[in-house]
Amino acid sequence: MHLGGALSGRDIEAVNKTLNGLLKLVFPDASQPVSDEDLEWMARLALESRRRVKEQQKRVFKSEFRNTHFSYIMGRRASSSSLQRPNYTMTRPSRPIHCLRTSMGS
């Protein structure tokens, strides 16, 4: 996943930390594979959270925090996805995320 050019170094660090935290919460077993759909959902959530912070900063410091057009590229897709100004609802993936896998006797 690659983040768009509108994100500053601070934005990238904040998004990466949020994404890392979400990954650890949802997939506590580091060896468990993460699907592209799950990763994209968490990346959009992390980017949306950071964009909201920036928009609040923009309200207070108008000249310092102008660009809140955040985007990302998943894998090798040629097109990038942008976060649009939402109606402030985030939807989960269409299928449930299975967090824990347990092995039952062998």
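Rule-based calculations on the coordinates, nothing more; no lab input. Every value quoted in this text rests on a predicted model; they were computed, and no experiment measured them. Backbone-built Cβ (ideal geometry, glycine too); neighbour counts: all protein chains shown.
Distance between the 7 Å Cα→Cβ label points at PHE61 and ILE73: 3.0 nm. Karplus-derived 3J(HN,Hα) values for the stretch 30-44, using 6.51 cos²θ - 1.76 cosθ + 1.60 with θ = phi - 60°, are 4, 7, 6, x, 10, 6, 4, 5, 5, 5, 5, 4, 5, 5, 4 Hz; glycine and proline are entered as x.
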